[in-house]
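Undergrad: If you scroll down you'll find the structure; I have some questions about it.
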């Protein structure tokens, strides 16, 4: 059976105009990116000609735009899932139903994931331009969709977690963006700092991998790098890494995007479980809230 929270969210979201506006804006951004690419490829060339082999760069452009839009939109879509229920004073009604806290959190998270999947599916006609010229296979697009969904799942889990802690939706959204910035830029700073301190361009391979695996940008670049066969990231890590002849280490460098997807799934599940524990009325957090409400009522009396 479908999760009741997911069913309710799906019905209520279809009644408003905001989701349709988001889908329209999303498709327009993707179409605009494709249009600008064609303009730069055809009208800016010397003979106003078109090279079908350049379609692989259109795929990279569309994939990058889609990844950026998903990273920016998921916190805004998910960070108000629990805090919005508090603001509408309906969270207690959900908690007194037969649904477990984990079911509530999973329903909220799946509703956001369903909308993200809708956004991705809506852009398939734009991506079909690439496959018309035969630059890449359908398996590459399916892999990209799976990678994008795992990224959205991780950000959604973090967003639901902060939404359980803070009552203000704006605070939750800002904190998720801060965490995303740390994952995207903070990990790169941790990688570059030893290079700047040592000055010899040599770093420990295992430590470098552990630092860049959580980075969504590096994971995305590793996936695209693997799909189009440039191997820029692989050569860079092989060149600057000091390591022994470790077969797993070389496999990890070549398949960094797989490790990043596994990391995203683990982080998403962990934060979803923590969010369920936070709103559990029978747990430690819930008992503290109940005792605080009791003390407040006694003081008012």
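The values are calculated or read from the model by the stated rules, or taken from the named source; none is laboratory data. Model, not experiment: these values are computed from the prediction. Here the Cβ positions follow ideal geometry from the backbone for every residue, glycine too, while neighbour counts run over all protein chains shown.
Undergrad: Among the candidates 128, 172, 163, which residue alone is more than 14 Å from the chain's Cα centre (by Cα) and either free of Cβ contacts under 8 Å to residues at least 60 places away in the same chain or outside any helix (DSSP H, G or I) (or both)?
TA: Of the residues listed, the single one that is more than 14 Å from the chain's Cα centre (by Cα) and either free of Cβ contacts under 8 Å to residues at least 60 places away in the same chain or outside any helix (DSSP H, G or I) (or both) is 128.
Undergrad: A further question on this structure: Within the group 295, 211, which residue is outside any loop (DSSP other than H, G, I, E, B) and at pLDDT below 65?
TA: Unique residue meeting the criteria: 295.
Undergrad: While we're looking at this one, here's another question. When you scan the stretch 196-203, do you find a residue that is surrounded by fewer than 20 Cβ atoms within 10 Å (Cβ to Cβ), free of Cβ contacts under 8 Å to residues at least 12 places away in the same chain and in a loop (DSSP other than H, G, I, E, B), even just one?
TA: Yes, the stretch 196-203 has at least one match.
Undergrad: Among the residues of the stretch 251-275, count how many are at pLDDT below 90 and either more than 16 Å from residue 215 (Cβ to Cβ) or not in a helix (DSSP H, G or I) (or both).
TA: The qualifying residues number 3.
Undergrad: Identify all residues within the stretch 127-143 that are modelled with pLDDT under 90 and either touching a strand residue (DSSP E or B) at 6+ places or on another chain (Cβ under 9 Å) or under 18 Å from residue 220 (Cβ atoms) (or both); write none if there are none.
TA: Correct list: 127, 130, 136, 139, 140, 141.
Undergrad: Quick one: which helices (runs of 4 or more DSSP H) lie wholly within the stretch 1-105 and hold at least 3 residues that are modelled with pLDDT under 80 and surrounded by 18 or more Cβ atoms within 10 Å (Cβ to Cβ)?
TA: Passing ranges: none, list empty.
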